[in-house]
Amino acid sequence: MMTKVIKDIDIAADEIIKGNVIGLPTETVYGLGANALNENAVLKIFETKERPLFNPLIVHVSGIGEFEKYGVDIPDEVYNLAEKFSPGPITYIVKKNKIIPDIVSAGLDCVALRIPSHKMFREVLFRSETPIAAPSANRSGNISPTSAEDVLSELEGKINYILDGGNCEIGIESTVMSFVGDEVKILRHGAVTKNEIENITGKIRDGINGKIISPGQSKNHYAPVTPLYIVQDFENLQKIKEKRIGVLDFSCYRNMTEIALNLYSDMRKLDTGKFDLIICRKVKEQGLGIAINDRLQRASRGEMKLIDHELKVEAK
Ligand code: TXA
Ligand code: MG
């Protein structure tokens, strides 16, 4: 199969209608999309990225009017948040309507809904007239793609088309929120920060600490092939000569938004640089920094320290 990078939205919408999978741009990261109402098409998503079937997919829709078609008993809080943040980088998990095939939600009775803001993705939604299930367009476990070229390097030969919508304007995935059960929770920190959410909902719980609630939230994820380590002693470790060390350095960026924007593409670049290892330092655990640190933690193999001139690793 030849994979073509295209800009033609009609071709992209046609692929969705035909039940094929396609690389699609969103404002967060690129997605691997298919018609969410077509079980076979959705199965192709799992096969293409070798994603385990127990990890559910986000269903992308064009507006809040669609929420009640695919979700049931949607609480007011969802609409309050959507008014402020959707279209945009936030995902709402609500009770699932039967119309969504079980394969989409990995058999769970809840479904993740998101209204993306990328213009081209929205056009594809309008023209195909169907909700689109889409995980990030990387092979399972790899770094999420933030450009059409990144998708090509992940999935070349496995899909017909990638719709090129330029570089993603945010660079990390959406914030995933759960509205099932008796409490509102954040399952994955993302582009919309906890503070911004709490300004609308009041205090909420972090559903992440401790046990895994979102099936896809395994500890290892979004990782480069080159071992990446978190370090405290950043300056000294950079000086080690015996090993070729790639440095994931954020000091050139002005703020957290810029770090998020460049995080995955910088990781990808370093990963092709033939280094023995990559080191990075966590950012301030605040605002968008929480999501950035979460991705660094997942990408890393643990913390590395220099003890008596020897590198020691504390596995995570
Ligand atoms: O920004 C994003 O969210 C991107 C773009 C393409 O929209 N998508 C994305 O999808 O990051 P994915 O599949 O890579 O991550 C979605 C996360 C996974 O951790 C998955 O387990 C969780 O959301 N999730 C999806 N549906 C769920 C459900 N019904 N219950 C619990 N967790 C769910
Ligand atoms: Mg992903």
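The values are calculated or read from the model by the stated rules, or taken from the named source; none is laboratory data. A quick note: this is a predicted structure, and the numbers were derived from the prediction, not measured. Every residue, glycine among them, receives a Cβ derived from its backbone with ideal geometry; neighbour counts consider all protein chains shown. Accessible surface areas use protein heavy atoms only, side chains included; no ligands, DNA or RNA. Shrake-Rupley method; radii C 1.70, N 1.55, O 1.52, S 1.80 Å.
Projected onto planes of every orientation and averaged, the convex hull of the alpha-carbon atoms in segment 1-132 covers 7.6 nm². Per residue, the accessible area of the chain comes to 46 Å², computed with a 1.4 Å probe over protein heavy atoms only. Peptides 194-205, 109-120 ordered by packing proxy, namely the average of other Cβ atoms within 10 Å per residue, highest first: 109-120, 194-205. Using only side-chain charges placed at the Cβ, +1 for Lys and Arg and -1 for Asp and Glu, the dipole size of segment 21-79 relative to its Cα centre rounds to 360 debye. Taking 20 Å as the straight-line reach from the Cα of Lys282, the lysines in range (excluding those fewer than 8 positions away in the same chain) are Lys194, Lys219, Lys239, Lys269, Lys305, Lys312, Lys316. Please check: in the Gaussian network model of the chain (C-alpha springs, under 10 Å), which one of Glu173, Glu235, Glu303 has the largest mean-square fluctuation. Sorting by GNM fluctuation, first place goes to Glu235. Taking other residues whose beta carbon is less than 9 angstrom from the beta carbon of Ser128, and scoring Lys, Arg as +1 and Asp, Glu as -1, yields -2. Annotation for segment 56-107 versus segment 149-183: alpha-carbon center distance of 17 Å.
Semi-axis lengths, largest first, of the ellipsoid equivalent to the chain are 33, 23, 17 Å, with √(5λ) applied to each eigenvalue of the Cα gyration tensor. Taking the accessible area of the chain, probe 1.4 Å, and keeping the other protein chains in place, the carbon and sulfur fraction comes to 48%.
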